[in-house]
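The values are calculated or read from the model by the stated rules, or taken from the named source; none is laboratory data. Computed from a prediction, not measured in an experiment: that's the story for all the values here. In this analysis, Cβ positions are derived from the backbone assuming ideal geometry, glycine residues included, and neighbour counts consider all displayed protein chains. Just so you know, the surface numbers come from the protein's heavy atoms only, side chains and all, with ligands and any DNA or RNA stripped out. Shrake-Rupley method; radii C 1.70, N 1.55, O 1.52, S 1.80 Å.
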Amino acid sequence: MTDVSRRHFLQLGAATASALPFLRALPAHAQSGDVLVAVNGQTINSLDLHRTGTNRPSYQVAINCYDRLVSFGTKPSMGGGLEFDYSKVEPELAESWTVSDDGLILTFTLRDATFQDGSPVTAADVKWSFDRAVSLGGFPAVQMKAGGFTRPDQFAALDDKTFQITLDAPSKLAIPDLAVPIPFVINSKLAMANATDDDPWATEYLHLNTIGSGAFKVARWVPGEQLIYERNNDWASGPVPAYKRVVIREVPSAATRRAVIERGDAQISFNIPSKDALEMSDKMEVNSTPIANCINCVGLNTKFEPFQDSDVRKAVAYAIPYEAIFQAAAFGRGAPLWGEETERSEIAWPRRTGYVEDLDLARAHLAKSGYPDGFEVPFSISLNQLDWMEPTALLIQENLAKIGITVTIDKIPGADWRTASLVEKRLAFHLEGFGGWLDTPDYYFFWAYKDGHLFNSSNYRNDEIETLVDNTLHIPVDDPAYAPNVKRMFEIALDELPRIPLWQPALNVALNGASDYEFWFHRQLDVRPIKPA
Amino acid sequence: MRARLVGARLLQAIPVVIGVVVITFVLTRALPGDPAVYFAGDAADEASIQQVREQLGLDAPLPQQFIRYVGDLLRGDWGNSLSTGQPVLSDLARRLPASLELTLIALLLSCAIAIPLGVMAATRPGSWRDHLCRVLVTAGVSLPTFFTGILLIYVFYYLLDIAPSPLGRLDFLYIEPAPVTGFYLIDSALAGDWDTFGGAARQLVLPAITMAIFTLAPIARMTRAAMLQALSSDFIRTARAAGLPRGRIVYGYALRNALLPVVTTLGMVFSFALGANVLVEKVFAWPGIGSYAVDALVASDYAAVQGFVLAMALLFVTLNLIIDLLYAVIDPRIGFDAT
């Protein structure tokens, strides 16, 4: 965080300075195109994504203030506006790149870009930043590993403009994994000047300062209150953003956020409740983009005996009131995943499951199973996600009672939820909402259906899935084996049903006085393309 | 003489503070949830969770963690909050004044209404004034603060547009005054920056009214009860018989005697309000200490929870001392050493 004195701040914009003391000037001024005000409900807790304990809302700083080597293109979204296009990898800091014939060596040529202190971006900076991303551990290291990047010796700066990555095995996930927020490029000279023996990666300095070549820098950050971005007029990796300054205000109460965006004192309200999205959509632009590769589903834990019976799992799947849940929990925002798949291609994911609410079929399956008289089971939901979990749980409870399965709802404190559901995997019957950043079905299966993997909260294991995922994860999507493998995964998963998909949730964003919002897989606000309406 | 007694009083607080340190340490460890899992991030695996656990020092046995915690405390290091990424001490230094400023203004407002209201009701019990007092008090206490808050925002900001946007302590056009006390009103006045003073004052109006409505009831009720008692006592009858002017009797003798229980109530209301204004803070995006504590609890953020409880304990030790001193000021019969 730069220490901004009042005087300095006033100098930031001469035009702004004259309007500063007058409150009445605010709305008119904000709409004039200099300042964008965005409100959201979450706290940004660090400016450094690589640091231990950095939370999800903080990822937006890495996106807006730093460059990555590559990015994705965009395409029109069914939820309104634009969304990222996983199939189109586009240059960001790298001007161009080549992949060796064996797919092992990726060579990037950097464009002429400068950091915000004026020094040029070199391949050595990229190397240092990538070393940092794989060395600090925690989530960044896990995400880097998904692309095949695990050790610093895989990265090399050949000369000032050429950066090379050597992979242990070719993978289709390698280049897309360079477009996620993690491998951002840091000014290594400035960072090293602020590193200490105890802190060789300068985590304390980067925690408070943004030293990148990105479109913005953080001019001011008061945790729990606000974060102010200031535009970098020399940004080389994309068109200069329309707004000079962007104020991200933290407003915990959803009702207050709604009042502020409706009055036009804020131009963007990020991640609003589905109910507000539904009600506000006739007054202003509301984008509800189904989140790529993300599914809200019911988990049936194989450790719980009745769920080892295939007929019990099918009985549950036919007893779920899908449409009622979609309306009550998501207010119709997102994409339904029940019934027969007709629109999407055979390998599209998330896809409709083929299951519908049919209590007679459910009863028939239960009668065939080892538990014809039903059983009792606790259904666990998280106190932190009651907005969608509670209505879903109640509706499922009601319908399962009709076929003889007694469900008690067990609310688990937010801090304990991850431990119980994902780490210890001890919840018999629960809800889960994993979404994969990299948008291929095999990547989803890798995390959610492979034995022992984090989001496999059902303790599911199927030897064929294990082999299929291992064989498919790294082969290109145009490989002849890819489509048949993926189809087979779907077949097994939808027949065995360790997870019953309900719907694909949406990210709701309201805009009042701003436009050109883009949805990104990381589910954070990318302020770079936003323009005044 | 009094300074020595204050010193003795402070010494008595030491065991209290030690007790608070031990209890909060044990209680936070008993919270559900594993901070290492929580803070390792969304896709962290077993190995990276373990790594985070080691970095947080949570792999050490509890007594060892406790010794490290106390050692850090003695050096003035209250630890780092994981959920805000800042040192707990600097978080508290910023958030405690925010809560205190709001609570004090709200209480001033509340007293300015409640005490005259209580006096009015007590001097004419059973009259329409008394009923008015009862209605106001019942209404105030029965409206939940978040409801009053949202209602005020809806009417005065959303519909009438006479209140500023409910976005915390200052609209973003103002620069926060250089921190001296952390109270924006005082700091901006010290800096002679009346624009910011005005801005901060405007932001305070709605949340302060919300809290004042809620805290009105106990103060007004206590004033009324204490006044009724005082007015029926012998010395008032004597004063009346002696033909002293009415104002002198009510305000000079009765109110002064009735103030003791009111001040006690005020102390209780203050402590209660400081902790209970979480909902007001959330609705008005007020960066106060209540919402800080709740967020820290939800995230099992040990250092922040411990810091909060410790700060509150210290605050109440001070508050009790001030109230005891006030007793002696209000009622000279009460010697400090007698309390």
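If I go through segment A:433-472 residue by residue, how many of them are assigned to a loop (DSSP other than H, G, I, E, B), among the charged types (D, E, K, R) and within 24 Å of A:PHE84 (Cβ to Cβ)? The number of residues fulfilling the criteria is 1.
What number of residues in segment A:151-199 are among the small types (Gly, Ala, Ser), buried (at least 23 other Cβ atoms within 10 Å of the Cβ) and under 18 Å from A:THR107 (Cβ atoms)? Going through segment A:151-199 one residue at a time, the tally reaches 1.
With respect to A:ASP276, determine if the residue is charged (D, E, K, R), closer than 25 Å to A:ALA514 by Cα and open to solvent by less than 30 Å² (accessible area, probe 1.4 Å). Write out each step before concluding.
On the way: charged (D, E, K, R): yes; closer than 25 Å to A:ALA514 by Cα: yes; open to solvent by less than 30 Å² (accessible area, probe 1.4 Å): yes.
When the stated conditions are applied, A:ASP276 passes them.
Test B:VAL278 against the criterion of being without any contact (Cβ under 8 Å) to a residue 12 or more places away in the chain and within 14 Å of another protein chain (Cβ to nearest Cβ), and give yes or no. Write out each step before concluding.
Details: without any contact (Cβ under 8 Å) to a residue 12 or more places away in the chain: no; within 14 Å of another protein chain (Cβ to nearest Cβ): yes.
So B:VAL278 fails the test.
Flag set for B:VAL298, criterion: touching a Ser or Thr at 6+ places or on another chain (Cβ under 9 Å), open to solvent by 20 Å² or more (accessible area, probe 1.4 Å), without any contact (Cβ under 8 Å) to a residue 12 or more places away in the chain and within 11 Å of chain A (Cβ to nearest Cβ). Inside segment B:58-71, residues that are open to solvent by less than 60 Å² (accessible area, probe 1.4 Å) and more than 27 Å from the chain's Cα centre (by Cα) make up a count of 5.
Scanning segment A:417-472 for residues that are in contact (Cβ under 8 Å) with a residue 40 or more places away in the chain and at the interface with chain B (Cβ under 10 Å from one of its Cβ atoms) yields a count of 5.
Kindly indicate the residue of segment A:47-73 that is of a type in the set (Val, Ile, Thr) and over 17 Å from the mean Cα position of the chain (by Cα) and also most open to solvent (accessible area, probe 1.4 Å) among those meeting that condition. First the steps, then the outcome.
Taking segment A:47-73 first, the residues of a type in the set (Val, Ile, Thr) are A:52, A:54, A:61, A:63, A:70.
Now restrict to residues that are over 17 Å from the mean Cα position of the chain (by Cα): A:52, A:70.
On the way: A:THR52: 44, A:VAL70: 1 Å².
Ranking the qualifying residues of segment A:47-73, first place goes to A:THR52.
So, of the residues in segment A:280-296 that are within 14 Å of chain B (Cβ to nearest Cβ) and either open to solvent by less than 20 Å² (accessible area, probe 1.4 Å) or not in a loop (DSSP other than H, G, I, E, B) (or both), which turns out to be nearest to A:GLU250 (Cα to Cα)?
Applying the first criterion (within 14 Å of chain B (Cβ to nearest Cβ)) to segment A:280-296 yields A:280, A:283, A:291, A:293-294.
Remaining after also requiring either open to solvent by less than 20 Å² (accessible area, probe 1.4 Å) or not in a loop (DSSP other than H, G, I, E, B) (or both): A:280, A:291, A:293-294.
Details: A:MET280: 20, A:ILE291: 23, A:ASN293: 28, A:CYS294: 26 Å.
My answer is A:MET280.
Which ones in segment A:42-71 are at pLDDT 90 or above, at the interface with chain B (Cβ under 10 Å from one of its Cβ atoms) and not in a helix (DSSP H, G or I)? Passing the criteria: A:ILE44, A:SER46, A:LEU47, A:ASP48, A:LEU49.
Taking segment A:122-147 as the range and being at pLDDT 90 or above and in contact with a Lys or Arg (Cβ under 8 Å, 6 or more places away or on another chain) as the test, the residues that pass are A:THR122, A:ALA123, A:ASP125, A:VAL134.
Evaluation of A:GLU83 against the conditions (1) acidic (Asp, Glu); (2) in a strand (DSSP E or B); (3) surrounded by fewer than 20 Cβ atoms within 10 Å (Cβ to Cβ) shows that the sole unmet condition is (3). Of the numbered criteria (1) over 27 Å from the mean Cα position of the chain (by Cα); (2) hydrophobic (A, V, I, L, M, F, W, C); (3) in a helix (DSSP H, G or I), the one B:VAL16 fails is (1). Can you spot a residue in segment A:243-255 that is under 30 Å from A:PRO152 (Cβ atoms), more than 9 Å from chain B (Cβ to nearest Cβ) and in a loop (DSSP other than H, G, I, E, B)? Scanning segment A:243-255 turns up no residue that is under 30 Å from A:PRO152 (Cβ atoms), more than 9 Å from chain B (Cβ to nearest Cβ) and in a loop (DSSP other than H, G, I, E, B).
Of all residues in segment B:86-100, exactly one satisfies the criterion of being within 30 Å of B:ALA258 (Cα to Cα) and open to solvent by less than 10 Å² (accessible area, probe 1.4 Å), namely B:SER99. Can you spot a residue in segment B:44-52 that is buried (at least 22 other Cβ atoms within 10 Å of the Cβ), without any contact (Cβ under 8 Å) to a residue 24 or more places away in the chain and assigned to a loop (DSSP other than H, G, I, E, B)? Yes, that holds for at least one residue.
A:ASP516 meets the conditions (1) open to solvent by less than 30 Å² (accessible area, probe 1.4 Å); (2) under 22 Å from A:PRO290 (Cα atoms); (3) not small (Gly, Ala, Ser) in every case but one. The failed one is (1).
Has segment A:315-331 got any residue that is farther than 30 Å from B:LEU152 by Cα and under 20 Å from the mean Cα position of the chain (by Cα)?
From segment A:315-331, those farther than 30 Å from B:LEU152 by Cα are A:315-327; that's our starting set.
Applying the additional criterion that residues be under 20 Å from the mean Cα position of the chain (by Cα) yields none.
No, segment A:315-331 has no match at all.
Within the set B:ALA230, B:ALA220, B:ALA242, the sole residue that is more than 27 Å from A:VAL222 (Cα to Cα) and touching a Cys at 6+ places or on another chain (Cβ under 7 Å) turns out to be B:ALA220. Checked against the criterion of being more than 14 Å from chain B (Cβ to nearest Cβ), part of a helix (DSSP H, G or I) and touching a helix residue (DSSP H, G or I) at 6+ places or on another chain (Cβ under 8 Å), the candidates A:ALA141, A:ALA157, A:ALA124 yield just one match: A:ALA124.
Residue check: A:GLY299 meets all listed conditions (1) open to solvent by less than 10 Å² (accessible area, probe 1.4 Å); (2) in contact with a Phe, Trp or Tyr (Cβ under 9 Å, 6 or more places away or on another chain); (3) more than 30 Å from A:ASP387 (Cα to Cα) but one, namely (3).
What are the residues in segment A:367-402 that are among the aromatic types (Phe, Trp, Tyr) and free of Cβ contacts under 8 Å to residues at least 60 places away in the same chain, if any? Outline the logic, then answer.
First, the residues of segment A:367-402 that are among the aromatic types (Phe, Trp, Tyr): A:371, A:375, A:379, A:388.
A:PHE379 - this is the single residue of segment A:367-402 that is among the aromatic types (Phe, Trp, Tyr) and free of Cβ contacts under 8 Å to residues at least 60 places away in the same chain.
When you scan segment A:107-115, do you find a residue that is more than 14 Å from chain B (Cβ to nearest Cβ), surrounded by fewer than 19 Cβ atoms within 10 Å (Cβ to Cβ), within 23 Å of A:ALA219 (Cα to Cα) and modelled with pLDDT of 90 or more, even just one? Among the residues of segment A:107-115, at least one is more than 14 Å from chain B (Cβ to nearest Cβ), surrounded by fewer than 19 Cβ atoms within 10 Å (Cβ to Cβ), within 23 Å of A:ALA219 (Cα to Cα) and modelled with pLDDT of 90 or more, which makes the answer yes. Kindly indicate whether B:LEU315 is at pLDDT 80 or above, among the aliphatic types (A, V, I, L, M) and open to solvent by 40 Å² or more (accessible area, probe 1.4 Å). Answer is no for this residue.
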